[in-house]
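What follows draws every value from the coordinates through simple rules; no lab data is involved. Since we're looking at a predicted model, the values are computed, not measured. Here the Cβ positions follow ideal geometry from the backbone for every residue, glycine too, while neighbour counts run over all protein chains shown.
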Amino acid sequence: MPTNIEIKARVDSLQKLFPVVASLANAGPEHVVQDDTFFSCPDGRLKLRVPRDGHGVLIHYRRADELGPKPSYCVHSETSDPDGLRSVLADAYGEVGRVRKHRTVFRIGQTRVHLDLVDGLGEFLELEVTVGDTLESDAAVSEAHRLLAAFGIEDAALVKGAYLDLLDAAGATQVR
């Protein structure tokens with residue numbers, strides 16, 4: 001199962017962070033709008049991601065809800081009928097919430113850097129450091145810490161859990 005080291009932090013201003021990230025990036029920015037529907041799942045999380053282009057990606061992942069860099073194990077499958085799949089999954093498992101966001105994606109080495117504006121929550125930085133042939137887990141954790149420092153992100157800004165959890169805590173879960 002593919003593995004990333006992930007970390008998420010609340011930021012004061014994506015506008016201020018953007019040039020810092022861009023100056024270190026090998027690729028990007030790519031701008032995407034995402035609508036993630038989460039379904040009940042006893043072992044991790046199950047979400048259907050639908051970008052603005054209309055295709056969908058069903059993603060199952062397991063990640064500890066803790067602060068700091070942590071492993072995330074995920075698998076995904078693409079679909080050309082996200083509305084139909086959403087309907088079937090909602091009927092079978094129950095829809096537990098929606099997260100809508102505008103994401104700006106950069107790549108710095110083995111890391112995908114997401115600058116996220118999340119509806120109902122605000123501005124966030126998310127790092128996904130790919131673990132694999134060229135980078136082992138410990139090195140990926142070190143890379144996440146290095147980038148956080150380069151971006152000026154303090155430990156107090158780190159958040160645990162998914163955006164869905166933060167929306168739930170704020171009483172702003174978006175369920176149809």
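Observations on the structure shown:
- Simple spin-label estimate for ARG107 and ASP83 gives 3.3 nm between the two label positions (7 Å along the Cα-to-Cβ direction from each Cα).
- Helix 14-24 and the longest principal axis of the C-alpha atoms of the chain enclose an angle of approximately 60°.
- Residues within the reach of a label modelled at LEU24 (point 7 angstrom out along Cα to beta-carbon, backbone nitrogen below 18 Å), restricted to the stretch 102-137, are 104-116, 124-131, 135-136.
- Of all stretches in the chain that contain no GluC sites (Glu not before Pro) in a DSSP loop with at most 13 other Cβ atoms within 10 Å, the longest one is 67-135.
- Residues whose amide H comes within less than 5 Å of that of ILE108, counting only those at least five positions distant or on another chain, are ASN26, VAL113 (H built at 1.01 Å from N in the peptide plane).
- Principal axes of the chain: Cα extent on each, largest first, Å: 45, 34, 30
- Between 0 and 90°, nearest 10: helix 82-93 axis offset from the chain longest Cα axis: 70
- Least to most buried among PHE18, PHE106 (fewest other Cβ within 10 Å first): PHE18, PHE106
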